[in-house]
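Q: Here it is, the structure, as C-alpha cells.
The values are calculated or read from the model by the stated rules, or taken from the named source; none is laboratory data. Bear in mind the structure is a predicted one, so any value in this text is a computation, not a measurement. Please note: Cβ atoms are built from the backbone with ideal geometry, for glycine as well, and neighbour counts cover all protein chains shown. Only protein heavy atoms, including side chains, enter the accessible area calculation; ligands, DNA and RNA are left aside. Shrake-Rupley method; radii C 1.70, N 1.55, O 1.52, S 1.80 Å.
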Amino acid sequence: MENSIKEDKLLRGGQFLVKETKAEDIFTPEDFTEEQKMMRDSVKEFVDREIWPKKEEFEKKNYALTEEVMGKAGELGFLGVAVPEKYDGLGMGFVSTMLVCDYISGATGSIATAFGAHTGIGTLPILLYGNEEQRKKYVPKLATGEWFGAYCLTEPGAGSDANSGKTKAELTEDGKSYKINGQKMWISNAGFASVFIVFARIEDDKNITGFIVEYDKENPNGITFGEEEKKLGIHASSTRQVFFNDTVIPAENMLSERGNGFKIAMNALNVGRIKLAAASLEAQRRVTDVAVKYANDRVQFKTPIAKFGAIKLKLAEMATSAWVGEAASYRAAKNIEDRINLRQEAGESHSDAELKTFEEYAIECSILKVACSEDVQNCSDEGIQVLGGMGFSADTPMESAWRDARIARIYEGTNEINRMLAVGMLIKKAMKGHVDLLGPAQAVGEELTGIPSMDKPDFNELFAEEKDMIKKLKKVFLMVAGSAVQKFGQDLEEHQQLLLAASDILIEAYMAESAILRAEKNVKRFGEDAQKEQIAMAKLYLYHAVDTVNQKAKEGIASFAEGDEQRMMLMGLKRFTKYDRMPNVVELRNTIAEKLTSENKYCF
Ligand SMILES: Cc1cc2nc3c(=O)[nH]c(=O)nc-3n(C[C@H](O)[C@H](O)[C@H](O)COP(=O)(O)OP(=O)(O)OC[C@H]3O[C@@H](n4cnc5c(N)ncnc54)[C@H](O)[C@@H]3O)c2cc1C
C-alpha cells in the first residue's frame, strides 16, 4: 500500500468549511489510474451487454434477472472490489469501490439497489465488525456472489428512528443460541439473499444488537417473507417484509458486542450514503446522453430542438449536475482512501482504519447523498422534458430513470435526516474541538461589525472571484450556524427548518468548491482552451449555489434574529453573496450545450 498524500495535506472530515483546499490537492476523475480506467471500462462494457439492453425486462419486475446479473457481477469480481484479497475480493481502494458502484448503477435503479444493498450494508457490517471466523465464513461467499446479502434494520414502527425497533433476540437457556422474533420491513434483496444482517434488541437494552442470520430455503428456520412490495420504481429490486418466528441462530453469530448494533447500523450507512451518491452519477450521464442525441434528431419548426435556447438550458444544467456530482464524490472518496491508508500505515487494522475514517467523513457522506440524489431526480425530470411526450413514454429510458431516482431521497436515511445530521455532526465536532469552527465564526462576527474594506480585489486571474465567493459562502454558514448555536445552544435541534437551511448552505459550499477546484486543476494541466466548457460548468454551478445560499440564509436569519442584529446579518449576507462581475449564465449554458450537441453525447 502506497500512500500518495502527506498527513498535513489531507483535510479532516468537515474541515473543508474552515480550511482552504488547493486545486492540486484534490483528486478528480481525470486522475483515475490506468487500473481504475480499465475497471471503469469493463464495468461499462458489462452494463452495456447485460443490463441496458434488458431494461424492459427489469421494468416487468423480472427479479430472477436481477439475481442472474448480480451473479455475473460476482463472477467478474465487481461485488468484491472493496473486499481484501484475503477474503477473495479484489482489495482495491475506496476510489475504485466508488467507481464500480457509479458505473454499474446507471442503467437501472434495480441493479443499483441490489448492488448497493449487497456490497454495502449487506457485506460491510461483517467485514468491518465481524470477528475473523465470521469474516472467513461469510465474506468470501459474499464477495464472489455465491451468497447474497441483505440488511434488516427498518421495521413497521422503526424507520428514521432506527434504534426503536421491537425485534427481540433472546438467549436460550443453554446459552448457546439466540432466538429471534420480529418483523422487518422494506428489505432489499430479501427475495434472494442467503445472509441477513439483522438488528434486534436483547432484553430491555438501550441499543439494538447486530446478528448474522443465514437463510436456507430447505430449512427456513422460522423465516418467512411478505409478498414483493408494489413500488413506484426500482421494479426488479426485490423488496419484502421479513418475519422471524423463533429463528434460532448460534450465539457466536452476534456481530461485535451486545448493544453495538446501532453503531454498526449507522456506520454501515455512512459508507452506503457516499456510495449512493456515486450510484446517482452514471444515471445522470446516461440520461443526458439520451437527451442530447434526441435533441439533435428531433426537428420542430424546421429546426433541431437542440438549437433552441430553452433546450440548451436544460442540456447544460443536466450535464453540469453530473459533472459537479463527480467532482465532489471523487474528491471525498480520495480523502477517505488516503485517510484509511494513513491509518493503516500507523498500524491500525484494515477494519479499524475503515471504520474510524467513515465516521470521520460522515458529514461529507451525508452532503453527497443529499446533493446527488436530488440532482439525479432533477436531471431525469429535465430529461423527460427534453423528450416531450416521448419522455413520458415507457419506451424511452427517461420514464424509468425518473421513477428509479425517487427512492434515493428516501433510503440510506431520508434527505431530511441526512441534512440535519450533516449540520448536527459538524457542530458536535466543533464542540469536541475536532474542527475549529469557533475561531472562524468569531472572525466572521468581527467582520460583520467592522468597517467593510474599500479595497477593490483583483479578480483578473481565472477563478479568483469564484474562489473568493466560495470563501464568502463558507462565511455565510459560519454566520448563520454560529449565531444559531449561540442563540439556542442544545435546543438548536428543535429548530429543524433552521437546520435544514444551514445544511443547504453547507451542501452548496462543498459542491461548488469541488466544482471550482476540479476545473482549476484541469485548466492547469490541460489548458484553458481545452477546459472552456468545464470552466463554464463550474461557474454555472456556483451561480446557482450563491442564489440558494442567499435564499436559505435569509430564511434562517429571519427565523431567529430581529432588529439591528437581523439588519447587520442581512447586510453581511448581501456582501457575502455579491458578485463583482456577474456571470453571464446564458452564455455559460450555451457554451456547455454547444459542446454536448456538437459531440452528440455526454462528453465530459
Ligand atoms: C425501496 C426501499 C428499499 C429499502 N431497503 C431497505 C433495506 O434494505 N434495509 C432496511 O433496513 N431498510 C430499507 N428501507 C427502509 C428505508 O431506509 C426507510 O424507508 C427510511 O429510513 C425512512 O423510514 P420510514 O419509511 O419509516 O419513514 P419515516 O421515518 O416514517 O419518515 C417519514 C417522513 O418523516 C420524516 N422524519 C422522520 N423522522 C424525522 C425527524 N426526527 N425529524 C424530521 N423529519 C423526520 C422523514 O424524513 C420522512 O420525510 C428501504 C425502503 C424502501 C422504500
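Q: Given region 237-357, report the % of alpha carbon pairs whose separation exceeds 19 Å.
A: 69 percent
Q: How large is ³J(HN,Hα), in whole Hz, for each residue of region 115-130 in order, when computed from phi with the Karplus curve 6.51 cos²θ - 1.76 cosθ + 1.60 and θ = phi - 60°, using x for Gly and Pro?
A: So the Karplus estimates, Gly and Pro as x, are 5, x, 5, 6, 6, x, 5, x, 10, 4, x, 6, 5, 8, 10, x Hz.
Q: Compute the angle between helix 281-297 and the longest alpha-carbon principal axis of the chain, please, reported from 0 to 90 degrees and rounded to the nearest 10.
A: 60 degrees
Q: Write down Rg/Rh for the chain, rounded to two decimals, with Rg from the C-alpha atoms and Rh from the Kirkwood relation over Cα pairs.
A: For the chain, the value is 0.97.
Q: Rounded to the nearest 20 Debye, what is the dipole magnitude of the chain about its Cα centre when Lys and Arg each give +1 and Asp and Glu each give -1 at the C-beta?
A: Dipole of the chain, to the nearest 20 debye: 1080 debye.
Q: Relative contact order for region 10-153 using alpha-carbon pairs under 8 Å, separation at least 6, rounded to a whole percent?
A: It rounds to 24 percent for region 10-153.
Q: Okay, moving on. Let me have the 222 nm mean residue ellipticity of the chain computed from DSSP H runs of 4+ only, each contributing -39500 (n - 2.57), with the sum over all residues rounded to the nearest 500.
A: -18500 deg cm²/dmol
Q: Where does helix 464-488 land angle-wise versus the long Cα axis of the chain, in degrees 0 to 90, nearest 10?
A: 60 degrees
Q: Could you please put His544, His434 in sequence from largest to smallest accessible area, using a 1.4 Å probe?
A: His434, His544
Q: Rank by packing, highest mean first: peptides 201-209, 309-317, 218-226, with packing defined as the count of other Cβ atoms within 10 Å averaged across residues.
A: So the order, starting with the most tightly packed, is 309-317, 201-209, 218-226.
Q: Taking 30 Å as the cut-off for C-alpha to C-alpha distance, list the pairs among Lys472/Lys532; Lys44/Lys369; Lys275/Lys307; Lys86/Lys432; Lys428/Lys524; Lys432/Lys474 that go past it.
A: Lys275/Lys307; Lys86/Lys432; Lys428/Lys524
Q: Moving on. In region 246-284, which GluC sites (Glu not before Pro) fall in coil by DSSP and have 15 or fewer other Cβ atoms within 10 Å?
A: Sparse-neighbourhood loop GluC sites (Glu not before Pro): Glu257.
Q: Tally up the carbon and sulfur contribution to the accessible surface of region 124-242 as a whole percent, 1.4 Å probe, everything protein left in place.
A: The value for region 124-242 is 46 percent carbon and sulfur by accessible area.
Q: If I ignore ligands, DNA and RNA and count only protein heavy atoms, how much of Glu345 is accessible to a 1.4 Å probe, in Å² to the nearest 10?
A: So the heavy atoms of Glu345 present about 100 Å² to solvent.
Q: With every protein chain left in place, what is the accessible area per residue of the chain in square angstrom, probe 1.4 Å?
A: For the chain, the solvent-accessible area averages 43 Å² per residue.
Q: Within the set of other residues whose C-beta is less than 10 Å from the C-beta of Ser96, count the net charge using Lys and Arg as +1 and Asp and Glu as -1.
A: Net charge in that neighbourhood comes out at -1.
Q: Quick query: amide H of His495 versus all other amide H atoms, modeled in the peptide plane; which residues come in under 5 Å with a sequence gap of 5 or more or a different chain?
A: Amide H to amide H, under 5 Å and 5 or more residues apart or across chains, His495 pairs with nothing.
Q: In addition: List the GluC sites (Glu not before Pro) within region 451-531 that DSSP assigns to loop and that have no more than 14 neighbouring Cβ atoms inside 10 Å.
A: When the GluC sites (Glu not before Pro) of region 451-531 are filtered for loop state and at most 14 Cβ neighbours within 10 Å, Glu461, Glu528 remain.
Q: If I take every Cα pair under 8 Å that is 6 or more residues apart in region 21-93, average their sequence separation and divide by the length, what percent do I get for the relative contact order?
A: 14 percent
Q: Ordered by residue, what ³J(HN,Hα) values in Hz, to whole numbers, does region 558-569 give under the Karplus form 6.51 cos²θ - 1.76 cosθ + 1.60, where θ = phi - 60° and Gly and Pro are x?
A: 5, 6, 9, 10, 10, x, 4, 4, 4, 4, 5, 5
Q: Could you tell me which trypsin sites (Lys or Arg not before Pro) in region 522-586 are loop residues by DSSP with no more than 12 other beta carbons within 10 angstrom of their beta carbon?
A: Lys578, Arg581
Q: Using the Cα centre of the chain as origin and beta-carbon charges of +1 (Lys, Arg) and -1 (Asp, Glu), tell me which of Thr28, Thr357, Cys152 is placed farthest towards the positive end of the dipole.
A: Thr28
Q: Which cross-chain or sequence-distant (5 or more) residues have an amide H under 5 Å from the amide H of Asn260, H modelled 1.01 Å from N in plane?
A: Under 5 Å from the amide H of Asn260 lie the amide H atoms of Gly210, each far enough along the sequence or on another chain.
Q: Further question on the same structure: Order Glu155, Glu416 by their accessible area, 1.4 angstrom probe, all chains in place, largest first.
A: Highest to lowest solvent-accessible surface, that is Glu416, Glu155.
Q: Considering only C-alpha atoms, what is the centroid distance from region 437-494 to region 85-99, in Å?
A: One Cα centre to the other: 40 Å.
Q: Could you give the distance between the Cα centres of region 326-378 and region 143-202, to the whole Å?
A: 26 Å
Q: Leaving ligands and nucleic acids out of the surface, order Trp52, Trp402 by accessible area at 1.4 Å, largest first.
A: Trp402, Trp52
Q: What percent does the relative contact order of the chain come to when contacts are Cα pairs within less than 8 Å and at least six residues apart?
A: 15 percent
Q: Amide H of Thr247 versus every other amide H placed in the peptide plane: which residues, excluding those fewer than 5 positions away on the same chain, fall under 5 Å?
A: Those qualifying (amide H under 5 Å, at least 5 residues apart or on another chain) are Ile180.
Q: Additional query: Angle check, please: helix 362-387 long axis (alpha carbons) against the longest principal axis of the chain (alpha carbons), in degrees 0 to 90, nearest 10.
A: 80 degrees
Q: Just to check I understand the Karplus step: with θ = phi - 60° and J = 6.51 cos²θ - 1.76 cosθ + 1.60, what whole-Hz values come out for region 258-270, glycine and proline as x?
A: 4, x, 8, x, 5, 5, 4, 4, 5, 5, 4, 5, 4
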